[in-house]
1. Which of the residues that make up segment 128-140 are buried (at least 24 other Cβ atoms within 10 Å of the Cβ) and either touching a Pro at 6+ places or on another chain (Cβ under 9 Å) or not hydrophobic (A, V, I, L, M, F, W, C) (or both)?
2. Would you check which residues across segment 216-243 are part of a helix (DSSP H, G or I), in contact with a strand residue (DSSP E or B) (Cβ under 8 Å, 6 or more places away or on another chain) and surrounded by 17 or more Cβ atoms within 10 Å (Cβ to Cβ) and list them?
3. Residues in segment 282-305 that are out of contact with any strand residue (DSSP E or B) (no Cβ under 8 Å at 6 or more places or on another chain), assigned to a helix (DSSP H, G or I) and closer than 19 Å to MET251 by Cα: how many?
4. How about segment 50-95: which of its residues are at positive phi and touching a helix residue (DSSP H, G or I) at 6+ places or on another chain (Cβ under 9 Å)?
5. Report, by residue number, each residue of segment 93-113 that is surrounded by fewer than 24 Cβ atoms within 10 Å (Cβ to Cβ) and assigned to a helix (DSSP H, G or I).
6. Just need a number here: residues in segment 265-304 that are within 20 Å of ALA205 (Cα to Cα) and small (Gly, Ala, Ser).
7. Could you please give the count of residues in segment 244-280 that are buried (at least 19 other Cβ atoms within 10 Å of the Cβ) and touching a strand residue (DSSP E or B) at 6+ places or on another chain (Cβ under 8 Å)?
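The values are calculated or read from the model by the stated rules, or taken from the named source; none is laboratory data. Since we're looking at a predicted model, the values are computed, not measured. Cβ placement follows ideal geometry from the backbone for every residue including glycine, while neighbour counts extend to all protein chains displayed.
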Amino acid sequence: MSDISNSVETGKTPFQVMYWRPKRLSRAGLWAGMILSLSGMAVVHFWPAKVSPEDQEQLLAAATKAESAMRVIADAHQQQGHRLVAKLDPQGSRLIGPSMSLVTSKLGSLESKQTSINPNFAAVVVKWFEEAGVKPGDRVAIGASGSWPALNIAVYAAAETLQLKPTIILSAASSQYGANRPEMMWVDMEKYMHDADLISFRAKAGTFGGLYDRASGMPEQTRQLLTDAMKRNGIPMLASTGLRDLIDERMALYESEIQSDSYAAYVNVGGGSASIGGSEGNERFAPGVHTQIPGDQPLPNCIATRMLAKNVPVINVVDAKSIADQYAMPIAPAVHPSVGQGDVFGKNVYRRSLAGVVMGLTWLMMAITVAPGIVLHPMRSWRTWRKPADDSPETSSMPKHVELMI
């Protein structure tokens, strides 16, 4: 009741009393404080610091090698006169095959294949090799797939950059939009890379690929085309006819290449029946590094399962869209990504010191707005706490009701 009577005596309404501010804090000052605070936050957001990994040089080297390999293969396609379908391959990479052909094994995701055409996937594979404990010069086993030429390039480029000693078994057939041109399959692309001195190794053997790794259900003409591709590139075909026997033959070949040594990792590309157990295996093995059997359910019989049983880490390179999301890479880009793009090369983080300064200034402006008397008149508060020696009453330049609020 007294507050209302005081308001009447001073000629001010209660609302004017509640929203009183000192004359020193002008409207222009409030606007300036708001603009400065927003500007500070904008500077913090748009001027981050980039934290680069220690192995930045190796990551860039792998991505650069992958970029060179993609260019070599694109030139080879062009020399052979293969027609570029811009709707399927907007990048013009020529790593996107046709929708259907005589060597197409199954359906494929066009968006995933387009996403995989990114040289920076090679840097991701280098990172995964390091996570698995693979060191330069180590031996690794690789199961390559004709369905994913761009991911094969990433794995090969990473292995070459780290100077690894790979034992490679590839599958010739391909799903849609992969290396499924009969005259330019993955086994052909691998040779172009080797002839261009981009890699120092070749596959040791190959299989038909497709269903059960034996192109089951495909016509005899297809089998002949796959056999011819292997022969013209000097890659021997595994002889077994059943899936279990093919897995045994693959393991025997891998083990014969290391003798008393051991593999530092097994790398699977795609969803091969013998390599990873098909779609069932890929449901259990997420993209990335696995050092122990995932989950508690039985795994399909495949090379990846057998390698894990031997304490060999498994690196599953599959699902390009998932990998792209994880490392901030574009999905199905229409423009070819440049080397060095993606979180694998380092992340932008806010500058803590700058953020602290901006937060401090913002807090100060808010304090002035909420409690101007305390902030703008610290000397008055200090003198009041000490009590003047002469006990003489202090005069205040602020109204009584403001003093009571402070």
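1. The initial filter retains those residues of segment 128-140 that are buried (at least 24 other Cβ atoms within 10 Å of the Cβ), namely 129, 134, 140.
Within segment 128-140, VAL134, VAL140 meet the criteria.
2. Of the residues in segment 216-243, the ones part of a helix (DSSP H, G or I) are 220-232, 243.
Next cut, in contact with a strand residue (DSSP E or B) (Cβ under 8 Å, 6 or more places away or on another chain) only: 226-227, 229-230, 243.
Once the filter is applied, which keeps residues that are part of a helix (DSSP H, G or I), in contact with a strand residue (DSSP E or B) (Cβ under 8 Å, 6 or more places away or on another chain) and surrounded by 17 or more Cβ atoms within 10 Å (Cβ to Cβ), segment 216-243 yields LEU226, ALA229, MET230, LEU243.
3. Total meeting the criteria: 1.
4. The first filter runs over segment 50-95 and keeps only residues at positive phi, leaving 81, 92, 94.
Scanning segment 50-95 gives GLY92, ARG94.
5. Matches in segment 93-113: LEU110, GLU111, SER112.
6. 10
7. Here the count works out to 16.
Quick grid of which residues meet (1) among the hydrophobic types (A, V, I, L, M, F, W, C); (2) touching a helix residue (DSSP H, G or I) at 6+ places or on another chain (Cβ under 7 Å); (3) closer than 20 Å to ALA132 by Cβ:
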{"position": "PRO287", "(1), (2), (3)": "no, yes, yes"}
{"position": "ILE303", "(1), (2), (3)": "yes, yes, yes"}
{"position": "ASN316", "(1), (2), (3)": "no, yes, yes"}
{"position": "ALA328", "(1), (2), (3)": "yes, yes, no"}
{"position": "VAL335", "(1), (2), (3)": "yes, no, no"}
